[in-house]
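Step one of this worksheet: look at the structure below.
The values are calculated or read from the model by the stated rules, or taken from the named source; none is laboratory data. Everything numeric in this text was worked out from a predicted model, so none of it was measured. Here the Cβ is made from the backbone with ideal geometry for all residues, glycine too, and neighbour counts use every protein chain on show. The area values use the complete protein model at the heavy-atom level, side chains included, leaving out ligands, DNA and RNA. Shrake-Rupley method; radii C 1.70, N 1.55, O 1.52, S 1.80 Å.
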Amino acid sequence: MDYNIIISGLGGDGVIFLSKVITSAALNQGVEVKCYQNHGHAKRGGSVVAHIRIGKNSFSPMIPFATADLLFSFEINEGARYLHFLKDEAMVVVHHDRGADSAQIAHLKSSINNLSIIDLTDIIKSIDDPNTRNSAMLGFIITLDCFPLKSSICKDALLMVLPKEKRGINDAAFELGRRAKRQKI
Amino acid sequence: MNLGRKILTGNEAIAHGALEAGIGVATSYPGTPVSEVLKNICVYSKCVGVRAEWSVNEKMALEVAAGASYAGVRALCSMKHLGLNTALDSLSVIAYTGVNGGLVLIIGDDPEPTSSQTAVDTRYHAILSKVPCLEPANGQEAKDFVLEAFELSEKFKVPVIIRITPMIAHSIFIVKLGKKLKPFRNPKFIKDPDRYVCMPHNTKMLHDQLNQKEEKISVFFAASKFNKLELDNAKFSILASGFSYNYVKDALNILGLKANVLKLLTTNPIPEQTINKLISVSENILVVEELEPIAEGFLSVVAQKRGFKGKILGKLTKHIPRVGELNAQIVAGAICSINGKKNPFSKIKIPKMPRTVPSLCAGCPHRSSYYVLHKVLRKLKGYNAIGDRGCYNVGAHPPLRAIDACLCMGASIGIGYGLVAAGVKEKTVAVIGDSTFFHSGITALINAVQHGINMTVLILDNDYTSMTGHQPNPGTGFDACGRKVNIINIEKLVKSLGVKYYRRADPYSLKAAEKAVKGAIEFKGLSVVHMKRECALVSQKKINPQDKDIKYIVKGCRLCMHCINTFACPALYVENGTVKISQWKCIKCGVCAQVCPFDAIKRMNKAW
Ligand SMILES: Cc1ncc(C[n+]2csc(CCOP(=O)(O)OP(=O)(O)O)c2C)c(N)n1
């Protein structure tokens with residue numbers, strides 16, 4: 001079966017950026033891939049979502065309902081918006097700054113079996129650049145048992161698309177994400 | 001391993017295909033979802049060998065491309081579906097004259113619609129002007145079809161439409177690329193008045209020729225590789241048109257059902273022989289197509305001719321909704337209901353989440369213009385503000401609710417004129433952006449001036465076609481390749497028409513702008529206020545290093561909420577009993593400081 005990933009967040013979170021990285025990693029690993037992007041109002045801080053389908057049995061770049069294996073989101077509400085796309089056993093990773101709104105988290109907990117909530121701001125606190133959050137997210141995601149792409153290939157793809165001067169800090173953020181303890185709530 | 005295989009969006013794939021086909025001219029007017037076609041032609045070619053331009057409107061884009069084609073040069077013209085409404089007059093006659101160098105149109109439909117005012121189906125334009133229409137179903141086909149379309153165009157001497165949707169335009173696919181071809185350059189217009197001088201005496205002949213071409217193309221399509229009938233030993237069949245093929249395949253996979261599938265990618269003319277083959281292997285046929293039930297109607301006609309006993313199902317039978325973009329769930333639902341299967345998607349609940357309402361950006365000059373306009377208009381007994389297409393139509397949302405109507409490109413002045421012509425007593429104001437003004441507002445203004453209409457026109461000039469990604473327009477000063485070009489001066493243009501009241505104002509200077517607008521509203525006759533200030537998304541990238549030390553803060557807020565309710569900049573928010581300014585969003589335009597009635601918003605420099 002193919003592996004379906006949904007990435008969501010708000011304009012500026014790096015959703016489109018990460019979807020490009022993962023798509024080119026899949027190409028480099030020699031598997032089929034396609035990716036749907038919806039960034040209608042990204043510039044104005046609106047919702048942004050990307051679907052990635054890895055494998056040769058899927059056709060539309062858009063993931064059908066109830067068939068996604070993994071959802072990761074940079075924002076709780078933007079994660080909750082796409083729950084109907086998930087399989088029952090899907091993995092969900094959501095970024096959330098500590099001091100969380102408990103109602104939203106409780107809602108997610110009650111509807112998802114495999115939920116990880118991570119605090120990217122905390123993970124990258126030793127790096128003075130909030131824009132490296134998405135590299136840390138990718139570092140975290142590739143440690144998931146179910147993730148189908150090789151971590152070295154993902155890292156190479158990440159560094160490839162970045163300008164030279166940004167590679168160092170994003171490499172560091174990626175490694176911090178990779179080492180972050182999975183914090184089950 | 002991945003030699004020549006790249007990940008590309010559909011738009012990028014099309015741009016690459018155009019260069020592989022050796023185009024010499026590329027024209028476009030921006031519009032979602034195909035704005036990135038021309039952009040990437042410029043990127044990939046570095047504007048060497050290809051003459052690429054953002055034309056003043058779609059009609060112009062098509063005529064420039066057609067002229068190039070007459071001269072024997074391959075030309076690609078891209079626009080959104082609504083653009084083809086504008087260019088249809090030209091297309092229908094270019095189809096009559098026929099082409100020389102290949103002429104291919106990339107048309108982006110918007111079935112949902114997500115970024116358009118209507119969801120018209122371009123296949124009807126293809127039918128109306130009798131030009132062939134191809135619909136790729138993935139990125140590879142998107143690229144390959146451009147090459148095929150040029151061959152087709154030159155073989156039959158007709159313009160060819162490639163119809164795509166956002167699902168292809170904006171999605172990323174793995175695409176195997178070919179070699180770019182050196183543009184053919186030996187342009188010559190060979191005179192042939194019987195063909196190019198379209199007058200009643202010869203158009204009858206041209207009409208006849210076009211009909212013959214259409215028949216030949218239909219036969220050619222039937223024998224071509226474009227369409228594929230995938231037999232699955234089933235009685236149930238599906239006609240999957242264009243991109244919907246993917247939804248059909250995904251749905252069948254999920255349901256674990258068998259069906260014969262006709263992948264139909266030549267959607268005008270639909271080859272009758274291909275349809276005959278489908279009929280001969282089917283008991284019932286479901287038709288899946290984006291927007292109008294065109295293939296469904298054609299299939300029904302052919303089925304009747306052939307005495308087909310089965311059912312033709314689709315939009316006309318309400319198995320598939322006629323509104324909105326398709327997806328795998330919709331197709332699966334239709335397949336289930338026809339085959340008496342339980343629909344696995346019927347139980348799935350879509351989470352109810354608040355919709356994010358788009359707003360004008362922080363520091364957007366349009367917001368200031370609206371603030372000033374409404375400050376003046378509120379004092380009148382009544383008024384009508386007719387908007388136009390562009391970022392400024394986002395101002396229709398609360399809390400600004402700045403415009404009362406908004407139709408199609410350039411319509412603000414004409415509709416406003418109509419209200420006045422009908423005798424409406426309230427003051428009428430038309431609000432129009434710079435790109436839209438050049439696109440078709442100028443002709444409307446000429447009409448209004450000629451007839452001495454009493455109304456006010458507000459031109460919101462932010463130097464760019466911002467809504468669609470900051471393409472240059474005739475007022476910008478550079479072209480699609482970033483080269484310096486002539487600037488069309490709106491002030492001189494408007495004054496030359498004989499407009500008696502023209503004022504230019506800076507929307508960031510509220511007092512002066514208010515004076516200009518007030519004068520215009522009180523003026524008896526046609527008045528124009530030209531609000532000029534660069535788009536904030538562009539200007540914020542060029543913030544002067546000295547300005548980095550500047551900061552706007554709130555001190556002594558009385559919570560009158562005037563700024564929040566009537567100005568509503570997204571950088572302003574309320575927290576702990578005071579209005580605050582998000583330093584992250586603020587672009588330091590300083591307009592809110594002029595808006596605050598109590599001078600509670602202050603400009604600070606680093607010393608603070
Ligand atoms: C016929 C047609 N062509 C193109 C579009 C897409 N479109 C919507 S708004 C717009 C132009 C916006 O430019 P401008 O008037 O300068 O306003 P701005 O967005 O810069 O404020 C375009 C090209 C359309 N809706 N209809």
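Return the inverse of the average 1/r over all pairs of distinct C-alpha atoms in chain A, which is the Kirkwood hydrodynamic radius, in Å to one decimal.
So the Kirkwood estimate lands at 16.3 Å.
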Using DSSP, restrict attention to beta bridges with both residues in the protein assembly as shown and report what percent are antiparallel, rounded to the nearest 5.
35 percent
Given B:A137, A:Y3, B:G482, which one lies farthest toward the positive end of the charge dipole of the protein assembly as shown, if we put +1 on the Cβ of every Lys and Arg and -1 on the Cβ of every Asp and Glu?
B:G482
How big is the charge dipole of the range B:58-176 about its Cα centre, in debye rounded to the nearest 20, if each Lys and Arg gets +1 on its Cβ and each Asp and Glu gets -1 on its Cβ?
240 debye
Post the alpha-carbon centroid distance, the range B:271-346 to the range B:67-112, in whole angstrom.
30 Å
Chain A: antiparallel DSSP beta bridges as a percent of all, rounded to 5
50 percent
What is the log10 of I(q)/I(0) for the range B:537-606, computed with the Debye formula using one identical point scatterer on each Cα and no solvent, at q = 0.19, 0.21, 0.24, 0.27 Å⁻¹?
-0.73, -0.88, -1.10, -1.33
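Please work out the Cα convex hull volume for the range B:52-183 and give it in Å³ per residue.
On the way: hull volume 14.2 nm³, N = 132.
Taking only Cα atoms, the range B:52-183 has a hull volume of 107 Å³ per residue.
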With 30 Å as the limit, write out which pairs from B:K492/B:K585; A:K164/B:K580; B:K318/B:K352 have Cα-Cα distances beyond it, or answer none.
B:K492/B:K585; A:K164/B:K580
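In µm²/s, what is D for chain B at 4 °C and 1.567 mPa s, where D = kT/(6 pi eta Rh) by Stokes-Einstein and Rh is the Kirkwood radius from Cα pairs?
It comes out at roughly 48 µm²/s.
If we sort A:104-114, B:408-418, B:426-436 on the protection proxy, mean other Cβ atoms within 10 Å, highest first, what's the order?
Per-residue Cβ counts within 10 Å, averaged per peptide and sorted highest first, yield B:426-436, B:408-418, A:104-114.
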Of B:V331, B:L299, B:N246, which is farthest towards the positive pole of the range B:228-339's charge dipole, taken about the Cα centre with +1 and -1 on the beta-carbons of Lys, Arg and Asp, Glu respectively?
B:L299
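Between chains B and A, what is the buried accessible area in Å², counting both sides, with a 1.4 Å probe and ligands, DNA and RNA left out, to the nearest 100? Mind dumping the intermediate values first?
On the way: alone 27860 and 9180 Å², together 34060 Å².
In total, chains B and A hide about 3000 Å² from solvent.
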Largest-first ellipsoid semi-axes for the range B:228-339, taking √(5λ) over the Cα gyration tensor eigenvalues, angstrom:
19, 16, 13
Label the protein assembly as shown by shape, choosing from rounded, prolate and oblate, from the square roots a ≥ b ≥ c of the eigenvalues of the Cα gyration tensor; if a/c is under 1.5 it is rounded, and otherwise prolate applies when a/b is larger than b/c, oblate when it is not.
oblate
Whole-Hz Karplus couplings 3J(HN,Hα) for the range A:19-34, θ = phi - 60° and coefficients 6.51, -1.76, 1.60, Gly and Pro as x, run 5, 5, 4, 5, 5, 6, 4, 4, 4, 5, 7, x, 10, 6, 7, 8
Taking every DSSP bridge whose two residues both lie in the range B:228-339, the antiparallel percent to the nearest 5 is 20 percent
Can you tell me which of B:446-457, B:280-291 comes out highest on packing, and rank the rest after it, using the mean Cβ neighbours within 10 Å?
B:280-291, B:446-457
Taking the dipole of the protein assembly as shown about the Cα centre (Lys, Arg +1; Asp, Glu -1; charges at Cβ), the one of A:N38, B:L458, B:Y392 that reaches farthest to the positive side is B:L458
So which of A:K150/B:K46; B:K375/B:K602; B:K379/B:K524; A:K56/B:K6; B:K225/B:K309 end up more than 25 Å apart by C-alpha?
A:K150/B:K46; B:K225/B:K309
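Charges only on Cβ, +1 for Lys and Arg, -1 for Asp and Glu: so what's the dipole of the protein assembly as shown about the Cα centre, in debye to the nearest 20?
Charge dipole of the protein assembly as shown: 1240 debye, to the nearest 20.
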Go ahead and estimate [θ] at 222 nm for chain B from helices alone: -39,500 (n - 2.57) per DSSP H run with n ≥ 4, summed, over the residue count, rounded to 500.
-11000 deg cm²/dmol
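To the nearest 0.05, what FRET efficiency results for B:L380 and B:K602 with a Förster distance of 41 Å applied to their C-beta separation?
0.80
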Inter-centroid distance (Cα atoms) of the range B:533-606 relative to the range B:372-451, Å:
28 Å
Label points 7 Å out from Cα along the Cβ direction at B:I543 and B:E491: separation in nm?
3.0 nm
Where nothing but the Cβ of Lys and Arg (+1) and of Asp and Glu (-1) is charged, how large is the charge dipole of the range B:459-512 around its Cα centre, in debye to the nearest 20?
280 debye
Would you mind putting B:504-510, B:143-149, B:196-202 in packing order, based on average other-beta-carbon counts within 10 Å, highest first?
B:143-149, B:504-510, B:196-202
Relative to the compact globular guide of 2.2 N^0.38 Å, what is the alpha carbon radius of gyration of the range B:470-571, as a ratio?
1.42
